[in-house]
Amino acid sequence: MDEKERINAARRAAARRAAGVLLTARVLLESRVILAALLACVLFSLCGASGAFATGPKMSSAPVAATEIRGSLVTAPGVGKAAAIRESRRGGKPAAAGPVKTTASVPRRYPDLIQSGRLIELVNRYSAKYGVDPRLVYSLIEQESRFNRMAVSPKGAQGLMQIMPDTQRFLGLSDPFDEEKNIDAGVRYLKAMLQRFETEVMALAAYNAGPEAVARHNGVPPYDETKDYVLRVVDRYFFLRLKYPSGNIGEIAAAESGL
C-alpha cells in the first residue's frame, strides 16, 4: 500500500470514528430528553394535585377523548361490546355503531344522578371513612349496578358494588344485598386496590379483573370488558371532578336536580 492509499484509509477511519461519536452524542441527548420528560411526569403526579384528596393516589393525566389509558390506546376491536351486553341485560338499548349524527335533541351522556338521600349519605360516609374520593365511588357504583342493590351479574357478583362471593368472604360481607354493608365492603376493597396499585386506573382494573390479573400484566389487562369498564368509570369520574370540584355527592345531586 503506497503513501496515498494509507492517507485515504486513515481519513476513512477518522470519518467513521467521527460518525460514531456523533451518533453516540445524539442517542445520549435523546435519552436525556426522554428522562427529563419522565421526571417531569413524576413530579407532576407527585406535586400537581390539590384539594382534599391531594395526598391520595391520583390520575397522572386525563384520558384523551376516552380512548386511551395513560398513553395506551384501548380502541382495539371489541371494546364496547361488553358494555352493550351489560346495557341489554339492564334493559337499556346499546348505542348504534358508527358515527354520531347531529339531531335536534342530544341524549344525556350519563344517567341522571340519583336522588336517594340514604345512598348518597352512605357513599359520602364510607368514602370519608376510608379516604376515597366519593366521586370515584359514585362513578364505580353507577357503572357496576346503576344503584340497584339487588343486582346480580351473570358471573355471580352481587349488590350495589357487585362483589363476588369469594371477595365477600375475604371482606367478611355477610349480606351483599344490604346497602350499607355492601358499600362499606366495596369501598374498603377499592381502598385496598388504590393502596396496592397507587392510581385509580390500576385500582379500577383490579376491581374489575382482579389484582392478580393487573399484577400479571403489569397494567390494565388486555380484556375488552376491563378496558371498557375502566374507560367508562374514569370518564364519569373526570366529568364529576371537573364539574363539581367540591366532591360532595349531595351537593352534586342537588345541583343536577336544580334544587
Calc'd 3J(HN,Hα), the stretch 158-166, phi into Karplus 6.51 cos²θ - 1.76 cosθ + 1.60 (θ = phi - 60°), Hz, glycine/Pro = x, comes to 10, x, 4, 9, 6, 9, 6, x, 4
Which net charge results for the neighbourhood of R118, defined as the other residues with beta-carbon distances under 13 angstrom from its beta-carbon, given Lys and Arg at +1 and Asp and Glu at -1?
-2
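Taken together, the values in this text are just the output of simple stated rules run on the coordinates, not laboratory data. Bear in mind that the values here come from a model prediction, so they are computed numbers and not experimental data. Neighbour counts run over all protein chains shown; Cβ positions are idealised from the backbone, glycine included.
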